Amino acid sequence: MFWLDRLGSLTAPREECGHPREHADPMPIIGHDHPISHHSLARMGVRLLGRLNGISEDGAVATFRDDLHANIAFAQRGYERLIDRIEAWIEGLDPAERSRYPSPTVEPEWIPHPPLASSTPPLDLSFREHGIRAVLWATGWRTDLSWLRVDEIRRPLGAHGTPDGCETDVDGFYWLGFDGLRTCASGTVAGFPLDAEYIATRLRSDAGHDPRR
């Protein structure tokens, strides 16, 4: 977050970061005090698979897409692009300021792991055969706004069923916390306060024009 702030990524308008949402942006995995990559996880013994496709009706078998290596390459490109932007930002500083930052070094966590590079992950996995009795942690979700039964709000939603901006056609109703509402960081803890301030300003402005509020 330190570097994303320095690079201006948190306040950059959504048009500069690949939004609308049809574009997926590679986000490096960040550890507590060091990077984490697919390669470092594989070296630790983690078994990596493609994206989860689904679970069989009896809940016994999980199926996966054949996209693990494409995902690894995608993450690598995102990491390298971020590092290049950071180094370019440092190069733009005056020499005295630039000396505060260390010279670039190779991150051991991003060194390719040969067994991972040559692996052929299975497309299905039997929980019973592999002794898997529970899923402890998983990521990935789809937005469900079916509870919001206001046609004027639901009709303008984007192709993925999510809003494309803070404003709506309903007076006093604004969106907050979704990706790409106004900035590249709208959907993050660091970015949504910027949208909240914008919405608060709009609400105060609207109230000022209507004496009944």
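The values are calculated or read from the model by the stated rules, or taken from the named source; none is laboratory data. This structure is a prediction, so every number in the text was calculated from the model and none was measured. Because the Cβ atoms are built from the backbone with ideal geometry, glycine has one as well, and the counts that use them run over all protein chains shown. Heads up: the accessible areas ignore ligands, DNA and RNA and are worked out on the full protein's heavy atoms, side chains in. Shrake-Rupley method; radii C 1.70, N 1.55, O 1.52, S 1.80 Å.
Quick look at the values:
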{"item": "Residue match in region 123-146 (condition: within 24 Å of the chain's Cα centre (by Cα) and among the aromatic types (Phe, Trp, Tyr))", "result": "yes"}
{"item": "Qualifying residue in region 123-131 (condition: of a type outside the set (Val, Ile, Thr), surrounded by 12 or more Cβ atoms within 10 Å (Cβ to Cβ) and more than 27 Å from residue 62 (Cβ to Cβ))", "result": "no"}
{"item": "Test: residue in region 170-181 that is of a type outside the set (Asp, Glu), free of Cβ contacts under 8 Å to residues at least 40 places away in the same chain and in contact with a Cys (Cβ under 6 Å, 6 or more places away or on another chain)", "result": "yes"}
{"item": "Region 81-122, residues that are hydrophobic (A, V, I, L, M, F, W, C), more than 26 Å from the chain's Cα centre (by Cα) and either surrounded by 11 or more Cβ atoms within 10 Å (Cβ to Cβ) or modelled with pLDDT of 95 or more (or both)", "result": "93"}
{"item": "Residue count for region 147-162, restricted to those that are under 26 Å from the mean Cα position of the chain (by Cα), open to solvent by 40 Å² or more (accessible area, probe 1.4 Å) and without any contact (Cβ under 8 Å) to a residue 24 or more places away in the chain", "result": "4"}
